[in-house]
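Each reported figure results from applying straightforward, stated rules to the coordinates on display, with no laboratory input. On a predicted model such as this, the values are computed, not experimentally measured, just so you know. Reconstructed Cβ throughout: ideal geometry from the backbone, glycine too, with neighbour counts over all protein chains shown.
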Amino acid sequence: MHVAVLATGGKDSTLALYKALTRGYKVEYLVTMIPLREDSWMFHYPNIRLMDLFAEAVDIPLVKAETSGTKEKEVEDLKRLIRKLDIEGIVSGAVASNYQKTRIEKICKELDLKCINPLWQQAPINLLNEILDLKFEVIITGVSAQGFTLEWLGRKIDRTTIKDLMKLYSQYGISIVGEGGEYETLVLDAQFFKKKIKIVEAEKIWRNQSGYFLVRKAKLESK
């Protein structure tokens with residue numbers, strides 16, 4: 001089946017991409033929406049403009065479009081982009097967000113495409129352990145929930161990080177995979193990458209009780 005993967009460069013969409021590839025789907029495109037505001041209902045904001053570099057790293061063509069980030073209108077923007085593609089299905093990294101899943105399913109139904117959600121309803125701790133078992137190199141690029149501090153920005157996800165996320169879950173009830181927008185991530189390398197992403201220059205930005213790790217400069221390196 002010829003598919004496109006909704007991609008942000010984060011851990012969930014990258015794991016969904018990996019599963020699509022290993023299950024034999026022909027991934028024709030990565031599809032990325034670039035919100036013009038930080039509080040998009042559907043799409044990642046921190047470092048989304050690195051997707052050109054990410055697409056080159058995985059060697060899959062990227063199609064992208066900007067969206068205002070306005071509730072529901074951004075869904076129509078995504079539909080308009082997908083409609084142009086010659087594909088049979090859409091792959092998403094939705095884990096537990098019914099808001100995200102139902103809107104992607106609606107787009108697929110209207111465009112007569114199969115909706116593929118390989119991570120849906122999987123146990124969050126299993127997903128985090130899986131990305132480590134697969135040797136994904138992942139950093140945290142945004143935090144916006146109680147318990148997170150400036151020190152989380154740029155932090156690599158490893159076994160210790162998972163333990164600390166579990167502590168925040170116990171204390172504050174956060175989603176340990178960040179499904180509620182508690183944190184966002186960037187995958188720098190994985191076994192199926194052709195090249196890896198190296199951060200050259202970055203800045204931690206913090207205001208009120210949230211912040212993001214702004215990558216100002218990055219490059220690709222051979223593996």
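Annotations for the structure displayed:
- At full extension, K196 and K135 could sit 20.7 nm farther apart than now, given 0.36 nm per residue minus the alpha carbon distance.
- Antiparallel bridges, percent of DSSP beta bridges restricted to the chain (to nearest 5): 55
- At full extension, K204 and H2 could sit 68.8 nm farther apart than now, given 0.36 nm per residue minus the alpha carbon distance.
- Degrees between helix 73-82 axis and first principal axis of the chain (Cα, 0 to 90, nearest 10): 50
- Annotation note: trypsin sites (Lys or Arg not before Pro) in region 131-177 located in DSSP loop regions with a Cβ neighbour count of at most 13 within 10 Å are K135.
- Rounded to 10°, Cα long-axis angle of helix 159-172 versus longest principal axis of the chain: 90
- For region 53-92, the list of trypsin sites (Lys or Arg not before Pro) that fall in a loop by DSSP and count at most 14 other C-beta atoms within 10 angstrom reads K71, R83, K84.
- Calculated from backbone phi, Karplus (6.51, -1.76, 1.60) coupling profile of region 199-210 in Hz, x at Gly/Pro: 7, 9, 8, 8, 9, 8, 10, 10, 8, 6, 10, 8
- Separation of the alpha carbons by more than 25 angstrom is noted, of K64/K156; K84/K156; K109/K195; K73/K114; K84/K219; K64/K195, for K64/K156; K84/K156; K109/K195; K84/K219.
- Sorted peptide list for 22-30, 87-95, criterion being average Cβ within 10 angstrom, highest first: 87-95, 22-30
- Filtered chymotrypsin sites (Phe, Trp or Tyr not before Pro), region 142-223: DSSP coil and at most 16 other beta carbons within 10 Å: F192
- The stretch between L36 and E110, if pulled fully straight at 0.36 nm per residue, gains 24.1 nm over its current Cα-Cα span.
- The residues neighbouring F54, those whose beta-carbon lies less than 13 Å from its own, together hold a net charge of +3 under the Lys/Arg +1, Asp/Glu -1 convention.
- Value in Å of the Kirkwood radius, where the chain supplies the Cα pairs that are averaged: 17.6
- Inter-site label distance for D86 and K167 at 7 Å from Cα along Cβ, in nm: 5.4
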